[in-house]
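For reference, the structure is listed below as structure tokens.
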Amino acid sequence: MSHSTDSTDRTDRTDSTERADGAPSAEGTGVRTVSRRRLLGTATATGVAGLAAGAAGGAFGQAAAAEPGEPALSTLGSTRVPFHGVHQPGITTPLQSRGQLVAFDLAGDAGRRGAAALLRRWSTLAAALMAGRPDEAGTGIADDAGPASLTFTFGFGPGFFDATGLTAQRPEALRPLPAFSHDALDEARSNGDLWVQIGADDPLVAFEALRAVRRAAEGTARVRWRMAGFHRSPGATARPSTGRNLMGQVDGTNNPSPDDPDFERHVFVPADGEPAWMAGGSYAVVRRIRMLLDDWEGLTGEERERVLGRRRSDGAPLTGGSETSPVDLAATHPDGSPVIPANAHVRVTAPESNGGATMLRRSFSYDDGFREDGAPDAGLLFVCWQADPLRSFVTVQRKLDRGDALSAFVRHEASGLFAVPGGAAEDEYVGQRLLEG
Ligand SMILES: C=CC1=C(C)c2cc3[nH]c(cc4nc(cc5[nH]c(cc1n2)c(C)c5CCC(=O)O)C(CCC(=O)O)=C4C)c(C)c3C=C
Ligand SMILES: [Fe+2]
């Protein structure tokens, strides 16, 4: 575990107001274009950022060059992430500003053949849209935009295996999550046979992608639930920095980094792991966690910081230093009380408090308006990735359930656990090793 940069939501995106011909762009148009020289420079920058992820088999962005005589797309729009690879995209890809999470249930007569055909269609579609090729079956929602770092990530829920006659292939790690005492789960918005995570740096691109996966599923699977999330827009801050959640906290600091020697082991199923079709894959835990924002905002700034164990202003631990300084869990005040309170969220969740349990958190915020009682229906679409959910998420969530100061201000309202197979090779579709194995 490193206390270094957060690999998931920091990226070397270059903001430029130069036009394709090198002249500065018109003030106030909001359009950002880049010169070819700048574009290549940016491609290198994003490539370097991506190589860390790429070394872990993750995705990296590439800025697309414009056709001669055509204005270049902005770096933001033209950045694309490869679909094929050892791991699926959307796990180590820097977190995009828009997320669409959608779960499907297979139709009763779909069976293994129907499921295989669907995964083949989805993979073809994802590869095309992520490369910036238009969806011929669509209505052109995102016609003017580049792929904007679009990613698709496909997963299987526990029910998928019975529905396709592949019960014997169901991973041991996909056992249903235990009930936690603070859960208030809505079954209609939980679980599902299939799960698709879509990320993009443009809302229209993300929405078109959602429409496309839904259209391709027609007759084979129907939508069970859908959740839309967001994260800070690239370029919104003076320099790339860890984003904040809707409680105002810097969130993501202590994520494991692809540079950590243990990263692969913690996040991905090894090449010789079980079951064999999950090699290079990962398990995603998805939790819709509503924040009790009115209660939270009723606390003083100091109280909020003690709930978390970090400063609001810059995310530094209460034991001092900067955002990336190690959290000193042993530090005490002169009266002997711990500087990081016993029930502070960062103490309860730290790997040191959980026998080394580690997960990669890659969550979106959500805002679904107001509930009937007037309270905000907003919070975190918590998504975490790990090689072993029992060892990682379940261990930490059990501990949170027993005594986490943050728990008084959140409600877990929906839940899912999905087996996300490894990435598809060039001549493969996602899940082929399971469905044709
Ligand atoms: C079971 C796992 C976790 C759940 C559920 C969870 C919910 C949750 N977390 C925040 C905000 C923050 N969490 C932070 C750190 C952190 N959280 C978890 C796990 C879960 N969080 C871990 C493993 C860690 C890292 C611990 C460490 O190694 O120090 C932080 C601090 C900044 C950071 O490191 O990311 C914040 C902020 C919310 C709001 C939330 C539910 C809505
Ligand atoms: Fe947390």
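Both the radius of gyration and Dmax for the stretch 205-261 are 17.1, 47 Å, in that order, over alpha-carbon atoms. Put in order of Cβ neighbour count within 10 Å, fewest first, the listed residues D373, D388 become D373, D388. Which value in nm describes the separation of the simple spin-label points at A276 and D368, placed 7 Å from the Cα toward the beta carbon? Reported label-point gap for A276 and D368 is 4.2 nm. Residue order for H231, H84, fewest other beta carbons within 10 angstrom first, comes to H84, H231. Convex hull of alpha carbon positions in the stretch 365-425: directionally averaged projected area 6.0 nm².
For E413, E218, the sequence from fewest to most other C-beta atoms within 10 Å is E218, E413.
Summary of packing: across the peptides 329-339, 285-295, the per-residue average of other C-beta atoms within 10 Å ranks them, highest first, as 285-295, 329-339.
Kirkwood-type hydrodynamic radius, the stretch 254-393: 17.3 Å, calculated from all non-identical alpha-carbon pairs. Taking the centroid of alpha carbons for each part, the stretch 105-162 and the stretch 165-208 are 16 Å apart.
Seen through its C-alpha gyration tensor, with square-root eigenvalues sorted a ≥ b ≥ c, the stretch 134-272 comes out oblate because a/c lies at 1.5 or above while a/b is not bigger than b/c.
Classify the stretch 273-320: rounded, prolate or oblate, from the alpha-carbon gyration tensor (a ≥ b ≥ c, eigenvalue square roots; a/c under 1.5 rounded; otherwise prolate if a/b is larger than b/c)? The shape class here is oblate.
FYI, it's all coordinate maths here, none of it is from the lab. Since the structure is predicted, the reported quantities are computational estimates derived from the model, not experimental observations. Positions of Cβ are generated from backbone atoms using ideal geometry, with glycine treated the same way; all protein chains shown enter the neighbour counts.
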